[in-house]
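Asks: Mind looking over this structure? Questions follow.
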Amino acid sequence: MYIAIEGIDTSGKSTQIQMLRKHFPDAIITKEPGGTEIGEKIRDIVLSAKAKSKKAEFLLFLADRAEHIQEVVEPNLDKVIISDRSVVSGVAYALIQDEISQTAILHLNRFATNGIYPQKVFLLKLTKEELEFRLSQKELDGIELRGSEYLLEIQNSIIEAAKLLKLDLITIDATKSIEDITKIILDNMKEMDD
């Protein structure tokens, strides 16, 4: 079972992954970008926001994704894999850049992933007010410094990306309690097993 927890920065992805780890102690917990040794280096480059070219940024994400699928996901498809972000984020970010055609984005991501996508995607969705409050409580990275409007555009694009990839997307109100969100995820994972 391969699932992805999606959401913009501060939506609570890390918290939910920690909660799921308690329920699935043998699960493979991973992330995109950065779930491999090379991926960590790529993640540092992307989060520094130093790439001047949006195409370069897109290709860095693709390189990370290809390595991640080959090193982490493919060898563990018989286990529970819980990923902090996935191809869905990659497609979402690329869609809002408006530099690459939708067709090219989908083809290049299929190439990078060998067509291996999460079986279920959980989007922790934030309101503008809650996002701005949460951002005000932390030191911002290069992506977060682009502002709340940019992040909310990505959130909407995540929904569009999941549709384009024909993935099962469960949208969850990220302002719900941690326990309520975990229960929704667990209930949906149980349905996958039945």
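Asks: Please give the strands (runs of 3 or more DSSP E) falling wholly within region 79-183 in which 3 or more residues are over 24 Å from residue 66 (Cβ atoms).
Replies: Answer list for region 79-183: 169-173.
Asks: Filter region 1-39 down to the residues that are within 12 Å of the chain's Cα centre (by Cα), closer than 24 Å to residue 70 by Cβ and either polar (S, T, N, Q) or surrounded by fewer than 16 Cβ atoms within 10 Å (Cβ to Cβ) (or both) and list them by number.
Replies: Passing the criteria: only 30.
Asks: Next question. How many residues are surrounded by 15 or more Cβ atoms within 10 Å (Cβ to Cβ), touching a helix residue (DSSP H, G or I) at 6+ places or on another chain (Cβ under 9 Å) and of a type in the set (D, E, K, R) when one looks only at region 130-145?
Replies: Residues in region 130-145 being surrounded by 15 or more Cβ atoms within 10 Å (Cβ to Cβ), touching a helix residue (DSSP H, G or I) at 6+ places or on another chain (Cβ under 9 Å) and of a type in the set (D, E, K, R): 2 in total.
Asks: Inspect region 40-63 for any residue being loosely packed, with under 15 Cβ neighbours inside 10 Å, more than 25 Å from residue 145 (Cα to Cα) and free of Cβ contacts under 8 Å to residues at least 60 places away in the same chain and give the result as yes or no.
Replies: No, every residue in region 40-63 fails to be loosely packed, with under 15 Cβ neighbours inside 10 Å, more than 25 Å from residue 145 (Cα to Cα) and free of Cβ contacts under 8 Å to residues at least 60 places away in the same chain.
Asks: State which residue is surrounded by the fewest Cβ atoms within 10 Å (Cβ to Cβ) when the search covers only region 108-129 and only residues that are more than 17 Å from residue 3 (Cβ to Cβ) and either acidic (Asp, Glu) or in contact (Cβ under 8 Å) with a residue 60 or more places away in the chain (or both).
Replies: In this case the residue turns out to be 129.
Asks: Another one. Those residues that are in a helix (DSSP H, G or I) and out of contact with any helix residue (DSSP H, G or I) (no Cβ under 7 Å at 6 or more places or on another chain), I need them from region 45-78; list them, please.
Replies: Matches in region 45-78: 47, 55, 56, 59, 70, 71, 72, 73, 74, 75, 76.
Asks: Turning to a different aspect of this structure: Does region 1-52 hold any residues that are among the aliphatic types (A, V, I, L, M) and closer than 18 Å to residue 90 by Cα, and which are they?
Replies: Passing the criteria: 3, 4, 5, 8, 38, 42, 45, 46, 47, 49, 51.
Asks: Taking region 151-194 as the region of interest, how many residues are loosely packed, with under 15 Cβ neighbours inside 10 Å, more than 24 Å from residue 18 (Cα to Cα) and either in contact with a strand residue (DSSP E or B) (Cβ under 8 Å, 6 or more places away or on another chain) or in contact (Cβ under 8 Å) with a residue 12 or more places away in the chain (or both)?
Replies: So the count comes out to 1.
Each value in this text was obtained by applying a stated rule to the coordinates, not by laboratory testing. Computed from a predicted structure; not experimentally measured. All Cβ positions, glycine included, derive from the backbone under ideal geometry; neighbour counts span all protein chains shown.
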